[in-house]
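Shown next, in structure tokens, is the structure this report addresses.
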Amino acid sequence: MTSSVKFVHLNVHTEYSLSEGIARIKDLAIEAHSAGMPAVAMTDINNLYAAVKFYRSCLNAGVKPLFGVELTLGAVTPSDPGGKIILLCLNNRGFKGVSELLTQLYTQPRESRELIANLDQIESVADDVIAVTGFDGAIGSLIRSGHVLESVQVAEKLVQIFKDRLFFELTRTGRPGETVFEDEALVISQTLNIPLVATNAVRFLKQMILSS
């Protein structure tokens, strides 16, 4: 997590993401401060359970806490398999709206155990959040499967919903298909004026943890 420049992690799974994250909240805040980061986001999967603990830990470490959540967005076009989208709260209304959205997703009838949000549901909080989507999102999945036209259609719908609060996430970790996604994402970004943000998906805090 070491950084020599001003950088803020916007894609972070903590221990509250269970099998997909092992970063402990208190350690996350301390590491962010040690790396010279002015802020750090918490974007656990389908939950804000650690909000209070995260807030207090960041406050104690002198780091600004950014509250967010990673959701699965359902299919928008015929070939769309759905995908991940991160919602970062801009203000208290955003936090309250995302909390209410999560409650709705957990309590609504569903065919599987997976929580899937639709466009209308994320639109209900769109004014008070920033949306980040990338390689693992619907647009990324469509690009990698050769459905570039449909990826543009999904991007257009998201722009209509989030306007200038939609960002394309670019992550270079050597995964197959990253170059293909990045090339097409850059074209879509320029065409639709979607800003880019560089991220690195944080799931642990030390490289030795991965090695072990």
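The single condition among (1) modelled with pLDDT of 90 or more; (2) surrounded by fewer than 20 Cβ atoms within 10 Å (Cβ to Cβ) that residue 83 does not satisfy is (2). Pairing each residue of segment 153-176 that is outside any helix (DSSP H, G or I) with any residue that is hydroxyl-bearing (Ser, Thr, Tyr), provided the two are 6+ apart or on different chains, yields C-beta distances under 6 Å for 168/189; 169/199; 171/199. In the set 127, 136, 120, only one residue is within 17 Å of the chain's Cα centre (by Cα), acidic (Asp, Glu), closer than 22 Å to residue 88 by Cα and not in a loop (DSSP other than H, G, I, E, B); that residue is 127. Here the condition is being modelled with pLDDT of 95 or more and surrounded by fewer than 20 Cβ atoms within 10 Å (Cβ to Cβ); of 111, 156, it holds for 156 alone.
Among the conditions (1) of a type in the set (Lys, Arg); (2) over 22 Å from residue 7 (Cβ atoms); (3) in contact with a strand residue (DSSP E or B) (Cβ under 8 Å, 6 or more places away or on another chain), the only one that residue 96 does not satisfy is (3). Applying the set (1) touching a residue at least 40 places away in the same chain (Cβ under 8 Å); (2) surrounded by 22 or more Cβ atoms within 10 Å (Cβ to Cβ) to residue 63 leaves exactly one unmet item: (1).
In this structure, does residue 101 turn out to be over 15 Å from the mean Cα position of the chain (by Cα), outside any loop (DSSP other than H, G, I, E, B) and closer than 30 Å to residue 53 by Cβ? Taking the combined requirement at face value, the residue satisfies it. Determine if segment 159-168 includes at least one residue that is buried (at least 21 other Cβ atoms within 10 Å of the Cβ), over 17 Å from the mean Cα position of the chain (by Cα), of a type outside the set (Ser, Thr, Tyr) and modelled with pLDDT of 95 or more. For segment 159-168, residues buried (at least 21 other Cβ atoms within 10 Å of the Cβ), over 17 Å from the mean Cα position of the chain (by Cα), of a type outside the set (Ser, Thr, Tyr) and modelled with pLDDT of 95 or more: absent. The sole residue among 201, 155, 185 that is in contact with a Ser or Thr (Cβ under 7 Å, 6 or more places away or on another chain) and small (Gly, Ala, Ser) is 201.
Only one entry of 10, 59 meets the criterion of being closer than 23 Å to residue 128 by Cα and in a loop (DSSP other than H, G, I, E, B), and that entry is 10.
In the set (1) out of contact with any helix residue (DSSP H, G or I) (no Cβ under 8 Å at 6 or more places or on another chain); (2) surrounded by 15 or more Cβ atoms within 10 Å (Cβ to Cβ), the condition left unmet by residue 13 is number (1).
The values are calculated or read from the model by the stated rules, or taken from the named source; none is laboratory data. If you're wondering where the values come from, they're calculated on a predicted model, not measured in any experiment. Cβ: placed from backbone, ideal geometry, glycine included. Neighbour counts: every protein chain shown.
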